[in-house]
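Below is one structure; the comments refer to it alone.
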Amino acid sequence: MRKTTPLAVLIALLLAAALLWELLPRGARAPEPASGDPSKGASLPVAAQADSEPLQPLPAPPQLSEEKLRLGRQLFHDPILSRDGSVSCASCHDLKRGGVDQLPRSRGILGAEGNINAPTVLNAGLNFRQFWDGRAPTLEAQVDGPIHNPVEMGSQWSEILPRLQVNPVYSTAFARLYPQGITPDSVRDAIASFERSLLTPSRFDRWLLGDTLALSPDEVAGYRLFKKHGCPACHQGRNVGGNLFQRFGVMRSPFRDEATLRKVDFGRYNLTGREEDKFVFKVPTLRNVELTPPYFHDGSAATLDEAVRTMGLAQLGVALPQEDVALIVKFLKSLTGEKQP
C-alpha cells in the first residue's frame, strides 16, 4: 500500500478548494481586496459583484408585441401630434443623440424656445417620476405635458384624434391593438410602451455582471473615485439616478447670478410652494451622459468635465482635483449604451 505524503495531502486539499470555489455562486464569493491607489487605475477585482454595488445592471427589456412597439415608435417620430405638424417627440428627444436635442433649451412649434433643458428619454421608464420637477408620476402621464405646452407641440387631443383617425395606418393599427380604438389613453399607452423599450445596456453593466475586461483600469479607478467622493448618494440604482429628489446646490449655489433666476430654477417649489423644495429637482440619470450635453436643467454646463467639477463644488463642497475629474469622466463614458435604440 502506497504511503500518502504530506505534500500529496496538501495538493489534494488545494485542488478541492479550487473546485469548490468554481462551484460557488458568484454572489457567494468574498470580494477580492482592491490593490493600489484607487486614483491611479488600481487593478480590477476578480469578480465584480453587482449585489454589493450602489449601481445596478439594467433589467431585461419589457416583453411587448412588435406591433405595439412599431406603433409607439411611429407616433414618437410623427409630427402629427403637434399643432402645425412640425414637431415630434423625437424633435427634442433624438434617439441618435442620446435621447436629447443637445440644446440648452428645446425648440417647439414656430421656433418657440422652451424654458428648460430636455432630459433624455433613454431608460426613462426606470425613473420614479418624469420631468425635472417630477410632476408626472408615469410615462403615460408625461405624454400630455409636451402635447399641450404652447411652446412645444401646442396641440389638444380634440385636434390630434381626428388626424389619427383618418390616417389608415393608424386607424388599422389601433383597431388591432386597442378595443377602444384611438383615444388619448391608447395613444399615451403606445408611446409610453415604446419609451419603456429604450434601454441601453453598457460596458459598465457587463462589468457589474462579472466581465472583468469590460472596463479599462482608468474607468475602474474613475468608478472608485465616483464612490469615494459620495456621488452614489444621489446617482444610484439601475438608472444611476432618476429615483429621488435632491437640492441643486446642497453645499454651494450653482447659479452664477441669483439675481437672474427664472421661475423654472426653483424646481419642485413651483409645484408645492414649500420653502424646502426650492431648487429641488429629480436627480437625472447618468446613463448615456456622454451624449447629452449641455448639462443640468438650465443647460449651464457645456461639457461633462465642467459638469463634474460643478457637482463637486455645489453638491459636495469640494474642488475636485483635475486628475479625479478626468478619471470620473472616463468612468461616466463607460455608461454609454452599446446598443442605441
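The values are calculated or read from the model by the stated rules, or taken from the named source; none is laboratory data. Just so it is clear, the structure is predicted and the values come from calculations on it, not from any experiment. Positions of Cβ are backbone-derived with ideal geometry, glycine not excepted, and every protein chain shown enters the neighbour counts. Side chains included, ligands, DNA and RNA excluded: accessible areas come from the protein's heavy atoms. Shrake-Rupley method; radii C 1.70, N 1.55, O 1.52, S 1.80 Å.
Table for the structure above
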| item | result |
| --- | --- |
| Qualifying residues in the range 113-156 (those that are outside any loop (DSSP other than H, G, I, E, B) and more than 19 Å from Phe194 (Cβ to Cβ)) - the one most open to solvent (accessible area, probe 1.4 Å) | Glu113 |
| Qualifying residues in the range 215-239 (those that are among the aliphatic types (A, V, I, L, M), in contact (Cβ under 8 Å) with a residue 60 or more places away in the chain and not in a loop (DSSP other than H, G, I, E, B)) - the one farthest from Gln315 (Cα to Cα) | Val220 |
| Qualifying positions in the range 271-317 - surrounded by fewer than 16 Cβ atoms within 10 Å (Cβ to Cβ), of a type in the set (A, V, I, L, M, F, W, C) and in contact with a helix residue (DSSP H, G or I) (Cβ under 9 Å, 6 or more places away or on another chain) | Leu271 |
| Output for the range 178-195, where each listed residue is part of a helix (DSSP H, G or I) and open to solvent by 40 Å² or more (accessible area, probe 1.4 Å) | Asp185, Arg188, Asp189 |
| Number of positions in the range 244-287 that are over 20 Å from Asp305 (Cα atoms) and either touching a residue at least 24 places away in the same chain (Cβ under 8 Å) or not aromatic (Phe, Trp, Tyr) (or both) | 28 |
| Ser202 polar (S, T, N, Q) and closer than 23 Å to Arg287 by Cα | yes |
| Whichever residue in the range 61-111 is assigned to a loop (DSSP other than H, G, I, E, B) and open to solvent by less than 30 Å² (accessible area, probe 1.4 Å) and, among such residues, is nearest to Thr336 (Cα to Cα) | Gly98 |
| Long-range neighbours under 8 Å by Cβ, at least six apart or interchain, first residue of a type in the set (Lys, Arg) within the range 78-91, second modelled with pLDDT of 95 or more and open to solvent by less than 20 Å² (accessible area, probe 1.4 Å) | Arg83/Ile109; Arg83/Met153; Arg83/Gly154; Arg83/Ser155 |
| Pair list, Cβ under 6 Å, 6 or more apart: the range 173-196 residue farther than 14 Å from Gln74 by Cβ, other residue open to solvent by 40 Å² or more (accessible area, probe 1.4 Å) and part of a loop (DSSP other than H, G, I, E, B) | Arg196/Pro62 |
